[in-house]
Amino acid sequence: MAKNDDKVPDSVAQDHAELSQLLHHHSTLYHAFDRPEISDAAYDQLFQKLLTLEMQYPALTGPESPSQRVGADPLDKFSPARHARAMLSLENAFNDEDLRNFDQRIKRFLSTDDEIEYLCEMKLDGVAVALTYHNGTFVRGATRGDGITGEDITENIRTIGAVPLRLTDPAPAELEVRGEVYMELDAFRTMNKQRRDAGEVDFANPRNATAGSLRQLDPRLTARRPLTISCYGIGHLSSELPTTHRKSLEMLRDLGLRVNLTDTHVARGIEDVIHCYQMMLGKRETLPFEIDGMVVKVNSLELQRELGEKSRTPRWAIACKFPSRQEQTILEDVVLQVGRTGAITPVARLRPVNVSGVTVSRASLHNWDEIKRLDIMIGDTVVVERAGDVIPDIVQVLTAKRNGSEKEIKEPATCPQCHSVVSRAEGEVVPRCQGLRCPAQLKEALKHFTSKSAMNIDGMGDRIIDQLLRLKLVANVADLYKLKKEDFFRFERMGEILADKLILAIQKSKEAPLERLIFGLGVRHVGTHLAKVLCRHFESLRAMEQATFEELVAIHEIGPQVAQSINRFFSDPNNLTVLRQLEQLGLTTRSSAHPTGNRLAGKTFVFTGSLQKFTRNEGQALVEQQGGRASGSVSKKTDYLVAGANAGSKQSKAEELGVTILDEEEFLALLDEKEASP
Ligand code: IVH
């Protein structure tokens with residue numbers, strides 16, 4: 001898009017201002033009030049409009065524009081950021097007694113017997129930050145640091161969607177607000193799963209993930225982390241403060257800041273606070289985020305001022321800690337789990353231990369890199385933590401407690417389920433079983449084998465596969481072809497017609513071209529495309545089995561990782577047994593895509609319309625057999641369009657581009673004619 005450095009026309013500036021206003025309005029409803037009025041898609045549309053305007057007129061891009069959330073350039077290091085007023089920490093209470101003492105101290109200090117009004121808030125387990133707004137515009141975000149000076153993480157904070165870059169008017173001249181940046185559990189789990197899938201080490205808990213994300217020197221990385229914020233106090237305000245803490249939270253919310261008012265309770269007297277604590281503790285497990293306690297604050301801001309603070313903590317607030325979610329126990333054993341896709345992961349078996357009300361007897365060990373990092377052995381005393389993930393984690397190994405009887409945790413050489421030889425491919429964090437006879441993978445393997453892009457066995461849905469497994473009728477994909485009609489009669493809700501249909505569909509699938517079989521076998525890294533590539537290079541299944549690593553890597557598109565995986569799959573004796581059975585059962589094991597001639601070499605064909613004499617797939621196979629290329633869309637590179645009845649847009653496009661259009665007869669004649677010539 002053309003950039004325009006000239007002055008922004010008034011009408012464009014006005015559009016931009018209105019759009020920004022509208023985006024601000026909807027963003028506030030979404031984040032601060034939890035009451036969106038438009039869909040996410042509608043919001044995205046407005047946002048795109050704003051981006052387009054700013055791309056055309058870069059001068060429009062102010063620091064408060066929502067477009068600034070994508071993340072600025074990386075920094076060398078964070079600058080120091082001095083807080084307007086010290087960011088204090090809180091004294092801790094561990095039981096009811098501590099709370100009653102806190103109340104007594106307050107009454108004594110104020111020389112009163114009157115019940116004190118407290119505000120009970122959730123103590124979020126994240127990272128404390130201070131946000132500064134000048135005339136309603138976000139200008140700085142800082143960590144707590146030593147309480148006096150923190151680190152300037154403005155550009156990282158800017159990427160958090162729940163932090164308004166502009167406050168709702170009328171905004172005060174100066175505001176410093178304090179809050180906790182954190183990650184919701186669902187978002188944390190999804191992010192961790194993505195990290196594991198990408199072979200990255202996952203985070204131990206949402207707090208570590210949050211702290212790590214905020215301390216990124218590259219804000220673009222922070223922007224990708226699912227951070228949010230909840231504000232719980234005012235550090236500095238240029239105008240008059242409200243009378244109570246509760247009212248100041250409401251004021252923050254009305255300015256568009258995210259505040260948790262739903263879980264905040266006014267308590268009259270300390271006994272009410274204790275009741276509230278029990279309530280919050282009960283709610284802990286059901287919350288979508290982690291809390292590690294409850295914060296009790298004197299509600300009246302006037303009393304807060306009167307009470308003042310000690311050197312590091314205020315007299316008017318206290319944190320009631322929840323029971324720890326960490327405990328010590330013994331790692332009794334490590335069992336190996338084979339996932340549905342063959343990934344072999346270690347799981348810790350622990351001496352059962354109660355961790356904040358839940359008995360824990362298993363923990364994730366994730367992978368062998370993690371085992372190495374923790375330096376963990378069977379028999380070790382370990383610290384387990386229930387934090388964020390559904391299965392607890394081992395966070396520490398107490399190596400000092402070893403007595404010499406601990407045993408090393410060995411990476412397996414064979415699959416614990418089917419005993420196929422396994423090994424860890426380069427760049428992977430776990431070994432993988434590729435066994436066609438592996439029971440752990442059977443269900444997924446059958447689903448994949450029978451799917452549309454593989455053998456396309458009609459009617460073979462989840463329900464049928466579940467029953468085949470329940471009745472132990474199949475132990476590998478070859479067994480499908482040995483099924484008899486009578487076998488299906490043992491199923492629930494199975495009649496003659498359906499059984500016939502299934503048998504017919506299974507038999508018909510034997511004719512599927514070899515590339516579909518290869519794809520269906522589920523060789524790691526071999527998708528539909530590479531299955532085709534293999535079939536173009538090898539004339540049969542046997543030829544593929546015998547291909548050496550060097551032959552495979554010599555094929556364009558096949559790298560060492562894929563070649564290794566193919567080699568490993570075909571060198572497994574269990575797999576070869578299944579493949580021989582498939583051959584004997586009459587499946588297509590010769591490649592139709594392997595060129596038998598090169599009469600159409602260098603020519604690209606596209607098939608369209610409804611064809612009578614052959615299917616589109618068969619037509620494409622005929623082309624490929626003669627060294628030609630079949631493509632799905634017409635372009636300048638297309639040589640021939642083979643059009644059946646009711647050919648639509650592809651035909652018009654071919655006409656436009658002057659591509660030769662053939663009907664079915666002409667196409668077959670072309671093959672014949674070429675066949676005739678030497
Ligand atoms: S009030 C002087 N309220 O807990 C007031 N803190 O040890 C100080 N926290 O660093 C903080 N939720 O990061 C307050 N509702 C809440 C809180 C909260 C979490 C954190 C905060 C602070 C630490 C106190």
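Numbers below:
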quantity	calculated
Pairs where the first residue, in the range 16-31, is closer than 27 Å to residue 184 by Cβ and without any contact (Cβ under 8 Å) to a residue 60 or more places away in the chain and the second is among the aromatic types (Phe, Trp, Tyr) and surrounded by fewer than 20 Cβ atoms within 10 Å (Cβ to Cβ), C-beta under 9 Å, 6+ apart	23/43; 23/47; 26/43; 30/43
Answer residue from the range 63-95, given it is within 16 Å of the ligand (Cβ to nearest atom), in a loop (DSSP other than H, G, I, E, B) and of a type outside the set (A, V, I, L, M) and is nearest to residue 132 (Cα to Cα) among those	83
Residue check, residue 363 in contact with an Asp or Glu (Cβ under 7 Å, 6 or more places away or on another chain) and away from the ligand (no atom under 14 Å from the Cβ)	yes
Unique match (being in contact (Cβ under 8 Å) with a residue 60 or more places away in the chain and of a type in the set (A, V, I, L, M, F, W, C)) among 552, 576, 611, 600	600
Members of the range 518-529 that are part of a helix (DSSP H, G or I) and surrounded by fewer than 20 Cβ atoms within 10 Å (Cβ to Cβ)	528, 529
Helices (runs of 4 or more DSSP H) wholly inside the range 459-517 that include at least 3 residues being at pLDDT 95 or above and either loosely packed, with under 13 Cβ neighbours inside 10 Å or out of contact with any strand residue (DSSP E or B) (no Cβ under 9 Å at 6 or more places or on another chain) (or both)	496-509
Selection count where residues are closer than 23 Å to residue 216 by Cα and touching a Ser or Thr at 6+ places or on another chain (Cβ under 7 Å), scope the range 99-127	3
Pair list, Cβ < 9 Å and 6+ apart or interchain, from the range 262-283 residues that are at negative phi to residues that are charged (D, E, K, R) and exposed (fewer than 13 other Cβ atoms within 10 Å of the Cβ)	262/34; 263/283
Test: residue in the range 550-567 that is under 19 Å from residue 517 (Cβ atoms) and touching a strand residue (DSSP E or B) at 6+ places or on another chain (Cβ under 7 Å)	no
Residue in the range 173-182 that is more than 29 Å from the chain's Cα centre (by Cα), surrounded by fewer than 18 Cβ atoms within 10 Å (Cβ to Cβ) and either at pLDDT 90 or above or not polar (S, T, N, Q) (or both) present	yes
Test: residue in the range 116-127 that is at pLDDT 95 or above and either assigned to a helix (DSSP H, G or I) or away from the ligand (no atom under 16 Å from the Cβ) (or both)	yes
Residues located in the range 100-115, provided they are in a loop (DSSP other than H, G, I, E, B) and of a type in the set (D, E, K, R)	113, 114, 115
Entirely in the range 570-678, the helices (runs of 4 or more DSSP H) that have 3 or more residues that are at pLDDT below 90	616-625, 664-676
Residue that is farthest from the chain's Cα centre (by Cα), among those in the range 128-141 that are small (Gly, Ala, Ser) and either within 14 Å of residue 88 (Cα to Cα) or away from the ligand (no atom under 16 Å from the Cβ) (or both)	136
Matching residues in the range 186-200 - criterion: being surrounded by fewer than 17 Cβ atoms within 10 Å (Cβ to Cβ) and either under 28 Å from residue 123 (Cβ atoms) or of a type in the set (D, E, K, R) (or both)	186, 189, 190, 193, 195, 197, 200
Residue, farthest from the ligand (Cβ to nearest atom), within the range 284-326, restricted to residues that are assigned to a strand (DSSP E or B), more than 30 Å from residue 384 (Cβ to Cβ) and in contact with a helix residue (DSSP H, G or I) (Cβ under 9 Å, 6 or more places away or on another chain)	300
Residues of the range 1-19 that turn out to be modelled with pLDDT of 85 or more and either surrounded by 16 or more Cβ atoms within 10 Å (Cβ to Cβ) or not hydroxyl-bearing (Ser, Thr, Tyr) (or both), as a count	11
Among residues of the range 20-58, those that are assigned to a helix (DSSP H, G or I) and loosely packed, with under 14 Cβ neighbours inside 10 Å, counted	9
Search result, residues across the range 392-420 that are closer than 30 Å to residue 437 by Cα and surrounded by 13 or more Cβ atoms within 10 Å (Cβ to Cβ)	409, 411, 412, 414, 415, 416, 417, 418, 419, 420
Only one of 387, 413, 363 that is within 14 Å of residue 330 (Cα to Cα) and hydrophobic (A, V, I, L, M, F, W, C)	363
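The values are calculated or read from the model by the stated rules, or taken from the named source; none is laboratory data. Remember, it's a predicted structure, so these values are computed and weren't measured experimentally. Note that each Cβ is placed from the backbone with ideal geometry, even for glycine, and that neighbours are counted across all protein chains shown.
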